[in-house]
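Everything below concerns the one structure shown next.
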Amino acid sequence: MDVVDLGMGNPDGATPQIVVDKLIEAARNPRNHRYSMSRGIPHLREEIVKRYKRKHDVDLDPDKEAIVTMGAKDALAHLLFATVGPGDVVAAPNPAYPIHQYGVIMAEGHACMLPMPNPAEFLNGLEHLYRTSSRKPKLILISFPHNPTTHCVDLDFFREIVAMAHRHGTMIVHDFAYADICFDGYQAPSILQVPGAKDIAVEIFSLSKSYNMAGWRVGFCVGNPKLIGALARIKSYLDYGILQPVQIASIIALRECEDESRKICVTYQKRRDVLVEGLCRAGWPVQPPRGSMFVWAPIPEPYRAAGSLEFSKLLMAKALVAVSPGIGFGPLGEGHVRFALIENNHRLRQAAKSIQRFLKDD
Ligand SMILES: Cc1ncc(COP(=O)(O)O)c(C=O)c1O
């Protein structure tokens, strides 16, 4: 059957050609076949630092404040293993990308998932937690543009959360996987733009979405040197770094693919418009997101009681459209489904029409 698959956030576009060419060239050199460096080759760390200066006017030390990781997931999971012990509280929004909760559980910490109908409410919940709980969070784990809700924040949000964390001696991990996927002129700020953020925060970036490099497994973590050191220590026991040709090609992505990255973003914006318009025509109004590669849609009223899992199964069976049920992102994801913008405009129109027929006839 021809299912339009909008389930997983798995980019469908090609990696920029010059990155692929560099990989091939570097793979031919036997010097690049040896063990690499666990924390990433120096040239790649220098390129990461240059990106932060160029895009966010943030100064970083490539040796102490930057580490290359096997994607953002590796950074998140291992940072949590390195810093969280039994009973440590980690506060994060609910719903959330699953590793934000399960990374804490795997480290035997206590995942304190706070509701996030919007970022301001999340901040209120955090404030309340500090006021009322005897177990203060050791870590706050956030991510904006947010998967799955698509919420975006401005620098004031980061100023507030950094000040709050400072007051209470909490560290912050900001997963910035959708740093470059921003629409309508919105530019997602880095938490490290807040003066003093480096004292308590790290930020995790991924090449997966910005450069269509999901399968390559490259990301990095930057910021607080103590947290970077902890991640470097645990990774030094676990891996020998990413295959060197992949790291060399990643330098090209960061240095020379700004235009390609912008084009990828424009593609997602166009797809967003096509899907949002199509769903509206189908009688299913949804908010257009300002960032991320998703549309987060409240389930139409007649189906709400069935729950997001049953509704997703219905969409699959009757409209041949695959989506992610909101419950998969935590209990407060219930009542929504997530569309990933990973099929082309024609297929998105097809999906919206098919949903329209299903909603009308069912
Ligand atoms: C919020 C968030 N963080 C991290 C990741 C994973 O990124 P990577 O491919 O770099 O591991 C994703 C992927 O969907 C994501 O949505």
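The values are calculated or read from the model by the stated rules, or taken from the named source; none is laboratory data. Owing to the predicted nature of the structure, the values given are computational and were not obtained by experimental measurement. Cβ: placed from backbone, ideal geometry, glycine included. Neighbour counts: every protein chain shown. Areas reflect the complete protein model, heavy atoms only, side chains present, ligands, DNA and RNA absent. Shrake-Rupley method; radii C 1.70, N 1.55, O 1.52, S 1.80 Å.
Go ahead and run the numbers for FRET between ASP362 and MET1, Cβ-Cβ distance against an R0 of 25 Å, rounding to 0.05.
Efficiency, from the Cβ-Cβ distance: 0.85.
If each residue of separation counts as 0.36 nm, what is the full-extension length gain between ALA27 and ASP199 once their alpha-carbon separation is subtracted?
58.0 nm
Can you give the calculated 222 nm mean residue ellipticity of the chain, where each DSSP H run of n ≥ 4 adds -39,500 (n - 2.57) and the sum is split over every residue, rounded to the nearest 500 deg cm²/dmol?
Dividing the helical sum by the residues of the chain leaves -13500 deg cm²/dmol.
Taking the Cα centre of the stretch 1-158 as the origin, how large is its charge dipole in debye, to the nearest 20, when only Lys and Arg (+1) and Asp and Glu (-1) carry charge on their Cβ atoms?
I would put it at about 560 debye.
Starting from the Cα-Cα distance between THR132 and TYR35, subtract it from 0.36 nm times their residue separation and give me the gain in nm to one decimal.
30.0 nm
Of PRO62, LEU129, TYR97, which is farthest along the charge dipole of the chain in the positive direction, counting Lys and Arg as +1 and Asp and Glu as -1 at C-beta?
Of PRO62, LEU129, TYR97, it is PRO62.
Using a Gaussian network model on the chain with a 10 Å cutoff between Cα atoms, which of VAL89, VAL173, VAL222 fluctuates the most?
The residue with the greatest mean-square fluctuation here is VAL89.
If you put +1 on each Lys and Arg Cβ and -1 on each Asp and Glu Cβ, how big is the dipole of the chain around its Cα centre, in Debye rounded to 20?
It comes to approximately 360 debye.
Just grab the label-to-label distance for LYS53 and TYR303, each label 7 Å out from Cα along the Cβ direction, in nm (one decimal).
Between LYS53 and TYR303, the label points sit 5.1 nm apart.
Does a label point 7 Å from the Cα of ASP184, set along Cα-to-beta-carbon, have any residues of the stretch 230-271 with amide nitrogen under 15 Å, and which are they?
Answer for the stretch 230-271: 269-271.
Can you compute 3J(HN,Hα) from phi for each residue in the stretch 329-336, using the Karplus curve 6.51 cos²θ - 1.76 cosθ + 1.60 with θ = phi - 60°, rounded to whole Hz and x for Gly and Pro?
9, x, x, 7, x, 4, x, 10
Compute the accessible area per residue over the chain, keeping the other protein chains in place, probe 1.4 Å, unit Å².
Accessible area per residue: 43 Å².
Near the amide H of ASP175, under 5 Å away, which other amide H atoms are found, from residues 5 or more places off or on another chain, if H is placed in the peptide plane?
ILE142, SER143, PHE144, ILE204
Would you work out which of LEU231, ILE299, GLN356 lies farthest towards the positive end of the dipole of the chain? Charges go on Cβ: Lys and Arg +1, Asp and Glu -1.
Value computed over the given set: LEU231.
With all protein chains present, how much of the accessible area of the chain (probe radius 1.4 Å) comes from carbon and sulfur, to the nearest whole percent?
54
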